[in-house]
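Contents: one structure, followed by commentary.
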Amino acid sequence: CRQDTNKRFQLYTHNPQSAIRYHLHFIQFISFDATDLNQPIMKISSTAIALSFAYGASAFAPSVNPSRIGSPSTAASSTELDLFFMNTLKHKRAVSKVNKPARVKDSISEQEVRGLFELWNSALATGDSRVVASRYSKNPVLLPTVKDDPRTDYDSVKDYFDTFLLKKPQGTILDGKVHIGDGWATDMGIYEFTMGATGDKVKARYTYNYVQEDGVWKIQHHHSSVMPEAVDMGKPITPDEVRGLFHLWNDALATLDPTKVAARYAEKGVLLPTVSDNARTDFHSIREYFVNFLQLKPQGEILESHVTIG
């Protein structure tokens, strides 16, 4: 090991094939004898070693002659490892924060059951789908508000929230009832979401079934569906209301926020844009188009139109 001028310690190890270098940054992973930095005494925590090897030895194999290892000029950029360590720490801390208060005690009260919803809501606020998915059990059933297919494992739950979190949702329980049993609890009622990306509000019915798993209360079943009366399928839209949808889109342009503009498009919308040859057929590609287009600060006006309603 040696210390360079950036307070960064580099660990070198040799094998018959190549020389592998691991950068161990001085954050929370390394402790050393502070009485004398020149002493060859260093204690590297098992966490640091594990994370270094988990990241992959081949990613940090020097591209230069191994005989030159140790020269400052051959030091590879540590940006990727910085990001790896910081993202890993950030993710683990966020997961711990939203799950720690849910640890199982001798019993659970109605107020504490309702508090589990607030933990889930806090997970939404992180904007990290991995953190939200961590609140669900190992074998969950999520029947989401804006998707048809059930989500029954970590990956599919995370996939749903990858998209849903782009709307920056935050929920509030308007009315609910809690039931508590032996090792389980249920919270059922009506909640309302405010979509921070658009300002839209969506009211829905909900059911959360909580179970004890590895000493933590987790969501085993979550059902969410839009209020039937809010859909109002029997009422046709008027021509003026159709033109009003254009004004909503125009207002989204005025925010200069590509996320808010893209949120105005359907999940499987098709955009054939004015200043690009490529069709945009999903949220991400539509948003990407407006990142550039909004730099022109556009505003539209309908001069003449004909509305057809089916």
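The values are calculated or read from the model by the stated rules, or taken from the named source; none is laboratory data. Worth saying up front: this structure is predicted, and the values here are computed from it rather than measured. Positions of Cβ are generated from backbone atoms using ideal geometry, with glycine treated the same way; all protein chains shown enter the neighbour counts. When the accessible area is computed, the model is the full protein with side chains, heavy atoms only, and any ligands, DNA or RNA have been set aside. Shrake-Rupley method; radii C 1.70, N 1.55, O 1.52, S 1.80 Å.
Filter the stretch 178-188 down to the residues that are within 11 Å of Arg114 (Cα to Cα) and surrounded by 14 or more Cβ atoms within 10 Å (Cβ to Cβ) and list them by number.
Within the stretch 178-188, Val178, Ala185, Thr186, Asp187, Met188 meet the criteria.
Condition first: in a loop (DSSP other than H, G, I, E, B), over 15 Å from Asp214 (Cβ atoms) and open to solvent by 70 Å² or more (accessible area, probe 1.4 Å). Now tell me which residues in the stretch 99-148 satisfy that.
Within the stretch 99-148, Asp106, Ser107, Val146, Asp148 meet the criteria.
List, please: which pairs have Cβ atoms under 6 Å, are six or more places apart or on different chains, and start with a residue in the stretch 164-187 that is within 17 Å of His223 (Cα to Cα) and assigned to a strand (DSSP E or B) and end with one that is among the acidic types (Asp, Glu) and open to solvent by 30 Å² or more (accessible area, probe 1.4 Å)?
Pairs found: Thr172/Glu192; Leu174/Glu192; Val178/Glu110.
Counting only residues that are open to solvent by 100 Å² or more (accessible area, probe 1.4 Å), touching a helix residue (DSSP H, G or I) at 6+ places or on another chain (Cβ under 9 Å) and not acidic (Asp, Glu), how many does the stretch 290-305 have?
The total comes to 2.
Could you check the stretch 245-286 and list, in sequence order, the residues that are in contact with a Ser or Thr (Cβ under 6 Å, 6 or more places away or on another chain) and charged (D, E, K, R)?
Answer for the stretch 245-286, where residues must be in contact with a Ser or Thr (Cβ under 6 Å, 6 or more places away or on another chain) and charged (D, E, K, R): just Lys260.
Quick one: would you say Thr207 is without any contact (Cβ under 8 Å) to a residue 24 or more places away in the chain and open to solvent by less than 70 Å² (accessible area, probe 1.4 Å)?
Here the answer is yes, as Thr207 does meet what is asked.
Yes/no matrix, rows are residues, columns are (1) open to solvent by 80 Å² or more (accessible area, probe 1.4 Å); (2) within 30 Å of Val98 (Cα to Cα):
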| position | (1), (2) |
| --- | --- |
| Ile219 | no, yes |
| His223 | no, yes |
| Pro239 | no, no |
| His247 | yes, no |
| Asp277 | yes, no |
| Arg280 | no, no |
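Of everything in the stretch 249-263, what is open to solvent by less than 20 Å² (accessible area, probe 1.4 Å) and either under 14 Å from Glu301 (Cα atoms) or among the charged types (D, E, K, R) (or both)? Give them in sequence order.
Of everything in the stretch 249-263, those that are open to solvent by less than 20 Å² (accessible area, probe 1.4 Å) and either under 14 Å from Glu301 (Cα atoms) or among the charged types (D, E, K, R) (or both) turn out to be Asn250, Ala252, Leu253.
Mind checking whether some residue in the stretch 192-204 is modelled with pLDDT under 95 and among the hydroxyl-bearing types (Ser, Thr, Tyr)?
The answer is yes; a qualifying residue exists.
Where in the stretch 217-310 are there helices (runs of 4 or more DSSP H), lying fully within it, with 3 or more residues that are modelled with pLDDT of 85 or more?
Qualifying helices (runs of 4 or more DSSP H): 239-254, 258-262, 283-293.
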